[in-house]
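Everything on this sheet refers to the single structure shown next.
The values are calculated or read from the model by the stated rules, or taken from the named source; none is laboratory data. Values in this document were obtained by computation on a predicted structure and should not be read as measured data. FYI the Cβ positions are ideal-geometry reconstructions off the backbone, even for glycines, and counts take in every protein chain you see.
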Amino acid sequence: MNKYLIIALFIMIASLDETYAQSSVAFHVSFSEPQAHYADIEMTLDGNTADFTEVKMPVWAPGSYLVREFSKNVESFSAQGADKKALTTVKLNKNTWRIDNPSRGAIKINYRVYCFEISVRTSFVDEAHAFLSPTGIFMYPADKINMPVTVSVTPFKDWKKISTGLDVVSGKANTFRAKDFDILFDTPLEIGNQDVFEFDAAGVHHEVAMVGGGNYDKLRLAEDMKRIIEKESAIYGENPNKKYVFIVHNYQKGGGGLEHLNSTVLGASRLAYSTDKGYKSFLGLVAHEYFHLWNVKRLRPKALGPFDYSNENYTRELWIAEGFTAYYDNLILCHTAAYTPEKYLEVLCEDINIVSNQPGAKVQPVTESSFDAWIKYYRPNENSKNTGISYYNKGAVLGAMLDLEILHATNAKTGLAEVMKAMYDEYYKKQQRGYTGEEFKAMAEKMSGLNLDNFYRDYVNGTSPIQYGVHLGHAGLTIINDNEGSSKLSTGLTLSATTAKLTITGVERASAAWIGGLNVNDELIAADGNRINDKAELDNLLSFKKAGDKMEMLVARDGLIKKCVITLKTDDTAKYRIVADKNATAAQMQIRKKWLGL
C-alpha cells in the first residue's frame, strides 16, 4: 500500500471518529439489579439550544407489527442540568417526556427499564445475561432522531462478552456507535457469557452467539449456515454487509426470529438440534431471517422506512415482505440439499393445506391481512380462523405459484428470484426508496411478459380458490386431495378437555356447530343423550351418523343448561399431497429443475 493511500485512510478514519465524537446523544447502560430484571439507562444530550427538550420511547419494534407500548416498562425518570441540579420533567403522553432546561446546557437523563419478557423482540435481563432490544430500551430526542449515537455498557460482575452489530468505538471498552437512531433501533445487544463461534460466508464475517446452552454442533452449524448464506447472497448478486451477527436464545421450548440490518435474533429449543426435525426447523429459521437482510431490510415496501416509531406504519405488501420470505426459507433448504425435493413439496403442502382449510381465506384478501397486521395477526382470538388468513402462509403459497407462472412464461429462464433481484437493484440501490405494490406487479410483468391482472384480482386482492393444479402443472406436478370423496362427518368444533369438563374453544364458520348455535366457551355435556367426556367419544357417535342427520347437543353456557340441535355435514377438510407426473414433458422438467434447484 503506498504512503498516500495510507494517509488518505487515516484521514478518513479520523474524520469518521470526529463525526461520532461530536454526537450530541450518548447512552450508558448498567445493571444494578439484574436479578430483578432491570437495566439502568443514562442518556446525555449535548448542544441543546432550546429551553426545553422532549424525549420519546418507541411504541413498536420494526419487523414486529404490533404497538407494544414499551414505555410501560419505564420507571424512575429524572433529569439534571450541566450544574447537576434537578430539572423539571413532565410526562406529556404515553411515550413522551418533556424536560425544562432554562440554561440550555447539557442534560443528563436517568431512567430504569423493567426487562422480563422472553421473545425475540423484547428485552430480558437476569443474573445470567442481558438481551437488549433497542426500541424498548433507548429513548430518542423528538427533534434529533437523525443524530449519531454512542452506547457504552458496564457489564454486570463476571459478564465478559457483548455481541452486537453496532460499530465499535476504538480505544473505548464496551462502547459502540450508530450513525443515527434508525441504526441503533435496528441493532440489538446480547451481554453475558454467550458461547460464540465465527465463520466467513459470501465475503462476510459472521458471529453466532449461542445463549442458554444446547446440544448443537458448532462445526456442522457453521457449514450448513454458510451454504444458506451463500445461496441467498447469489440470488441478489451481493451481500451488503461486512459483518453479521446471529443472537440465538436457546430455551427448553423456543422459536421465532426477528430480522435486523446486519443481525438477527433467533429463538430455539436447546435440545432439538440432535433431531432431524428440530435441526431442519432451525436451519429454516436461519434461512428466513437471513433472507430478510435483503427482502424487508433493504428491498422494502414504501411504508416501512423511514419509520414513525410512535404510530403504526401501514402497508398492504407484507404478503411479499414476509410471505415471500417464508416461501424462500423452505425453498433455500431444498436448493442447499437440506431438504430433498420430495420433502420440500411436502412442506409446501403444509402451507397449501392451511390456506385451503382456513375459512378466513374466503373472507380476507392477503393485502387486507397485511394491512390489518397491527390489530389482528399478533392478537388472535377464537374467531380469527373464520375471519382472516396469515400473510405468511398465503404469501408463501402465492410466492410459489407466481414463481411457477414466471418460469412457465419464460421457458425457465426467469423466475421470482430474478424479479426480486431486479426490484432490489432498482428500488434499493438505484432509487434508494421503498416500492409500492403496483411497482412490484409491474416489475414481475416486465420480467415475465405476463399480464398479472387476473392473478392479483383473484388471489392477491380477492379470495378466489387458488388453482394449484394449473400452476404446479407447469413443472409436471400433480396435486391430489386424499380426503376428496370422504364421507367422514364434522361438527366444526374445536374442543379442549380438562379434568373437569370438555370446553368448546373454536367453532368453524358455516359448520354444523356454527349454524346450530354452539358457542366458544360452552361446556359440552352430552350428545344425543350420551355423556361426552372427550373428543374420541363424540367421534364415535358421529361414526353412526350420515350427512343430514340431526344431533342434539347438551351444553352448559354461563352456568345454564341449553340444548342445541345441529344438522351434520360432511367434513370438507382437504389433505393435499404433490406427486410428480411420470410423463412430464422436457419443458416441464426444465421448469421443475430450475424451480427446485436440481
### Summary
Over segment 430-471, the set of residues farther than 23 Å from Phe371 by Cα and touching a helix residue (DSSP H, G or I) at 6+ places or on another chain (Cβ under 7 Å) is Met447, Ser448, Gly449, Leu450, Asn451, Tyr468, His471
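Pick out the one residue from Phe156, Phe138, Phe131 that is touching a Pro at 6+ places or on another chain (Cβ under 6 Å) and among the hydrophobic types (A, V, I, L, M, F, W, C).
Details: Phe138 fails: touching a Pro at 6+ places or on another chain (Cβ under 6 Å); Phe131 fails: touching a Pro at 6+ places or on another chain (Cβ under 6 Å).
On inspection, the qualifying residue turns out to be Phe156.
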### Residues that are under 20 Å from the mean Cα position of the chain (by Cα) and among the polar types (S, T, N, Q), drawn from segment 373-391
Asn381, Ser384, Ser390
### Query
Within segment 123-141, can you find the residues that are outside any loop (DSSP other than H, G, I, E, B) and under 19 Å from Ala178 (Cβ atoms)?
Ser123, Ala130, Phe131, Leu132, Pro134, Thr135, Gly136, Tyr140, Pro141
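Looking at the structure I just gave you, is Ala513 in contact (Cβ under 8 Å) with a residue 24 or more places away in the chain and within 25 Å of Gly559 (Cα to Cα)?
Working: in contact (Cβ under 8 Å) with a residue 24 or more places away in the chain: yes; within 25 Å of Gly559 (Cα to Cα): yes.
Yes.
For segment 323-339, which residues satisfy the criterion of being of a type outside the set (Val, Ile, Thr) and either within 17 Å of Glu350 (Cα to Cα) or touching a Ser or Thr at 6+ places or on another chain (Cβ under 6 Å) (or both)? Can you show your working first?
Narrowing segment 323-339 to residues of a type outside the set (Val, Ile, Thr): 323-324, 326-331, 333-335, 337-339.
Gly323, Phe324, Ala326, Tyr327, Tyr328, Asp329, Asn330, Leu331, Leu333, Cys334, Tyr339, listed by residue number.
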### Message
Quick check on my filter: what residues within segment 142-161 are assigned to a strand (DSSP E or B) and either among the hydroxyl-bearing types (Ser, Thr, Tyr) or farther than 18 Å from Val25 by Cβ (or both)?
### Response
Thr150, Ser152, Lys161
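Does Lys91 fit the bill of being surrounded by 14 or more Cβ atoms within 10 Å (Cβ to Cβ) and either more than 29 Å from Gly267 (Cα to Cα) or without any contact (Cβ under 8 Å) to a residue 60 or more places away in the chain (or both)?
Values: surrounded by 14 or more Cβ atoms within 10 Å (Cβ to Cβ): no; either more than 29 Å from Gly267 (Cα to Cα) or without any contact (Cβ under 8 Å) to a residue 60 or more places away in the chain (or both): yes.
So Lys91 does not fit the description; no.
Residue under question is Gly548, and the condition is that it be in contact with a helix residue (DSSP H, G or I) (Cβ under 6 Å, 6 or more places away or on another chain) and at positive phi; does it hold? Steps first, please.
Values: in contact with a helix residue (DSSP H, G or I) (Cβ under 6 Å, 6 or more places away or on another chain): no; at positive phi: yes.
Taking the combined requirement at face value, the residue does not satisfy it.
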### Task
Give just the number: which of (1) outside the structural domain of Thr315 (by TED's automatic domain parsing); (2) surrounded by 12 or more Cβ atoms within 10 Å (Cβ to Cβ) does Ala536 not satisfy?
(2)
### Task
Return the pairs, sorted by first residue and then second, in which the second residue is part of a helix (DSSP H, G or I), the first residue lies in segment 425-438 and is among the small types (Gly, Ala, Ser), the beta carbons are less than 9 Å apart, and the residues are 6+ apart or on different chains.
Gly434/Tyr427; Gly434/Tyr428; Gly437/Ile320; Gly437/Thr367; Gly437/Tyr456; Gly437/Val460
### Message
Anything in segment 278-308 that is among the hydroxyl-bearing types (Ser, Thr, Tyr) and free of Cβ contacts under 8 Å to residues at least 60 places away in the same chain? List them, or say none.
### Response
Tyr279, Ser281
### Message
It is to be established whether one or more residues within segment 138-158 are within 30 Å of His37 (Cα to Cα), crowded, with 19+ Cβ neighbours inside 10 Å and either under 24 Å from the mean Cα position of the chain (by Cα) or of a type in the set (Gly, Ala, Ser) (or both).
### Response
yes
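Does segment 408-426 hold any residues that are of a type outside the set (D, E, K, R) and over 16 Å from Gly597 (Cβ atoms), and which are they? I'd like the intermediate steps shown before the answer.
Our first condition is that a residue be of a type outside the set (D, E, K, R); within segment 408-426, this holds for 408-412, 414-417, 419-420, 422-424.
Residues satisfying the conditions are His408, Ala409, Thr410, Asn411, Val419, Ala422, Met423, Tyr424.
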### Summary
Of Arg104, Arg98, the only residue that is farther than 30 Å from Gln194 by Cα, among the basic types (Lys, Arg), assigned to a loop (DSSP other than H, G, I, E, B) and over 23 Å from the mean Cα position of the chain (by Cα) is Arg104
### Task
Name the single residue, out of those in segment 94-122 being among the hydroxyl-bearing types (Ser, Thr, Tyr) and farther than 19 Å from Asp143 by Cα, that is surrounded by the fewest Cβ atoms within 10 Å (Cβ to Cβ).
Tyr114
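In segment 392-409, is there at least one residue being among the β-branched types (Val, Ile, Thr), more than 21 Å from the chain's Cα centre (by Cα) and either surrounded by fewer than 17 Cβ atoms within 10 Å (Cβ to Cβ) or closer than 16 Å to Tyr328 by Cα (or both)? Break it down into steps so the answer makes sense when it comes.
First pass over segment 392-409, keeping only residues among the β-branched types (Val, Ile, Thr): 397, 406.
When the remaining residues are screened for being more than 21 Å from the chain's Cα centre (by Cα), the result is 406.
Narrowing the set further to residues that are either surrounded by fewer than 17 Cβ atoms within 10 Å (Cβ to Cβ) or closer than 16 Å to Tyr328 by Cα (or both) leaves 406.
Checked against the condition, which is being among the β-branched types (Val, Ile, Thr), more than 21 Å from the chain's Cα centre (by Cα) and either surrounded by fewer than 17 Cβ atoms within 10 Å (Cβ to Cβ) or closer than 16 Å to Tyr328 by Cα (or both), segment 392-409 yields at least one hit.
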#### Entry: Output for segment 182-196, where each listed residue is of a type outside the set (D, E, K, R) and either surrounded by fewer than 18 Cβ atoms within 10 Å (Cβ to Cβ) or out of contact with any helix residue (DSSP H, G or I) (no Cβ under 9 Å at 6 or more places or on another chain) (or both)
Ile183, Ile191, Gly192, Asn193, Gln194, Val196
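Output the residues belonging to segment 323-377 that are among the hydroxyl-bearing types (Ser, Thr, Tyr), more than 19 Å from Arg227 (Cβ to Cβ) and in a loop (DSSP other than H, G, I, E, B). Break it down into steps so the answer makes sense when it comes.
Applying the first criterion (among the hydroxyl-bearing types (Ser, Thr, Tyr)) to segment 323-377 yields 325, 327-328, 336, 339-340, 344, 356, 367, 369-370, 377.
Cutting the leftovers down to more than 19 Å from Arg227 (Cβ to Cβ) gives us 356, 367, 369-370, 377.
Residue satisfying the conditions is Tyr377 alone.
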### Selection from segment 89-119 of residues that are touching a strand residue (DSSP E or B) at 6+ places or on another chain (Cβ under 8 Å), hydroxyl-bearing (Ser, Thr, Tyr) and either outside the structural domain of Phe70 (by TED's automatic domain parsing) or more than 20 Å from Asp40 (Cα to Cα) (or both)
Ser119
